[in-house]
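What follows is a single structure, written as structure tokens, with notes after it.
The values are calculated or read from the model by the stated rules, or taken from the named source; none is laboratory data. A quick note: this is a predicted structure, and the numbers were derived from the prediction, not measured. Cβ: placed from backbone, ideal geometry, glycine included. Neighbour counts: every protein chain shown.
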Amino acid sequence: MTTVSLADVRPVGDHLREWRRRRRMSQLELAAEADVSTRHLSFLETGRSAPSREMVLRLAEHLDVPLRDRNLMLVAAGYAPVYAETPIEEPRMDAVRAALRQVLAGHEPYPAVVVDRFWNLVESNEAAGLFLQGAPAELLRPPLNVLRLSMHPAGMARNVVNLPEWRAHMIGRLRRHVALTGDAALTALYRELRDYPDAGPPGDAFPPPAGNEVLVPLRMRVDGRELSFFSTIATFGSPLDITVAELAIESFYPADAATGEFLREGAAARRRPPADG
């Protein structure tokens, strides 16, 4: 079971009010969705009433509170946490790891990575190695942060052809995640990446769309060729463990025929046995 520091414990009403405001919901809107009276919800937020365990979980569900923070709300209300946080290496997670590896292997010859809530690398397939080429050792040390790797001037950024567009997209994505979670560590990461020197326009300056793209592409130079990708993100459905809930699989696809051919050729070369020397 995950542990909660006493330093994190505030009145449960503070948590409810903070998450409601973060979701930009009025008391009336939340009360209607959760099927409680506005008066009762107001009493819960001000501490005039104490919520039941079931009420905490019901309101957290309607506020789309992350599982980690639902535990904090339960502790603040005087109840034990209910969501476990199981290390990915534990035997209990064998099925999860097997599923992740199956997805990653099935996506070959295209790159795919699994990241945690901080965008630290958990797993990757062989094709994702092209994103690591030439990166300095300090960016590759565990835990390898894929956002830092992609935007650091000495990392992938030096090979990204459309860096202003891609950087603005990634910074905006991180900013939205910070707004949804309120996580202090993610906020620090956002500020670090936003303020990188010599990284193009400010992270909040999103350039206007160019060309006929329907998605923001990642265009990068690899071995003297320009490759173009778009990506999708997948998560586990109905997670009951914090670790599982915070995993995301990002799968990259070729945005043009030349990129697809390059990736298939690379996969074939990796499978080819070495010549006898």
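Yes or no: the stretch 36-43 includes at least one residue that is touching a Leu at 6+ places or on another chain (Cβ under 7 Å), of a type in the set (Val, Ile, Thr) and at pLDDT 95 or above. Yes, because at least one residue in the stretch 36-43 is touching a Leu at 6+ places or on another chain (Cβ under 7 Å), of a type in the set (Val, Ile, Thr) and at pLDDT 95 or above. For the stretch 23-66, taking the residues that are of a type in the set (Val, Ile, Thr) and crowded, with 16+ Cβ neighbours inside 10 Å, the one that is farthest from LEU240 (Cα to Cα) is identified as VAL36. Only one of the listed residues (PHE118, PHE131) is surrounded by 14 or more Cβ atoms within 10 Å (Cβ to Cβ) and under 18 Å from GLU246 (Cβ atoms). That residue is PHE118.
Can you confirm whether the stretch 64-83 contains a residue that is over 27 Å from GLY237 (Cα atoms) and β-branched (Val, Ile, Thr)? For the stretch 64-83, residues over 27 Å from GLY237 (Cα atoms) and β-branched (Val, Ile, Thr): absent.
Under the condition of being farther than 23 Å from PRO109 by Cα and either outside the structural domain of ASN162 (by TED's automatic domain parsing) or surrounded by 16 or more Cβ atoms within 10 Å (Cβ to Cβ) (or both), the residues counted in the stretch 237-276 number 7. Being out of contact with any Lys or Arg (no Cβ under 9 Å at 6 or more places or on another chain), among the hydroxyl-bearing types (Ser, Thr, Tyr) and modelled with pLDDT under 95: is that true of SER251 here? So SER251 does not fit the description; no.
Scanning the stretch 135-170 for residues that are in contact with a strand residue (DSSP E or B) (Cβ under 6 Å, 6 or more places away or on another chain) and either among the hydroxyl-bearing types (Ser, Thr, Tyr) or under 18 Å from ARG221 (Cβ atoms) (or both) gives ASN159, VAL160, VAL161, ASN162, TRP166.
Among the residues of the stretch 9-21, is there at least one that is more than 30 Å from SER124 (Cβ to Cβ), at pLDDT below 95 and either touching a helix residue (DSSP H, G or I) at 6+ places or on another chain (Cβ under 9 Å) or outside the structural domain of GLU246 (by TED's automatic domain parsing) (or both)? So far as the stretch 9-21 goes, yes, one or more of its residues are more than 30 Å from SER124 (Cβ to Cβ), at pLDDT below 95 and either touching a helix residue (DSSP H, G or I) at 6+ places or on another chain (Cβ under 9 Å) or outside the structural domain of GLU246 (by TED's automatic domain parsing) (or both). Reported count of residues in the stretch 175-190, each being in a helix (DSSP H, G or I) and in contact (Cβ under 8 Å) with a residue 40 or more places away in the chain, is 6.
Please verify whether the stretch 139-151 includes one or more residues that are under 19 Å from THR235 (Cβ atoms), small (Gly, Ala, Ser) and out of contact with any Ser or Thr (no Cβ under 7 Å at 6 or more places or on another chain). There is no residue in the stretch 139-151 that is under 19 Å from THR235 (Cβ atoms), small (Gly, Ala, Ser) and out of contact with any Ser or Thr (no Cβ under 7 Å at 6 or more places or on another chain).
Those helices (runs of 4 or more DSSP H) of the stretch 56-169 in which 3 or more residues are within 28 Å of ALA269 (Cα to Cα) and free of Cβ contacts under 8 Å to residues at least 12 places away in the same chain occupy 94-107. Please go through the stretch 110-138 and give me each residue that is among the acidic types (Asp, Glu) and either outside the structural domain of TYR253 (by TED's automatic domain parsing) or farther than 14 Å from ALA234 by Cβ (or both), ordered by number. Once the filter is applied, which keeps residues that are among the acidic types (Asp, Glu) and either outside the structural domain of TYR253 (by TED's automatic domain parsing) or farther than 14 Å from ALA234 by Cβ (or both), the stretch 110-138 yields ASP116, GLU126, GLU138.
For the stretch 40-55, the set of residues classified as charged (D, E, K, R) and in a helix (DSSP H, G or I) consists of GLU45, ARG53, GLU54, listed by residue number. If I ask for residues that are at pLDDT 65 or above and at positive phi, which ones from the stretch 164-212 would you list? Selection gives GLY182 alone.
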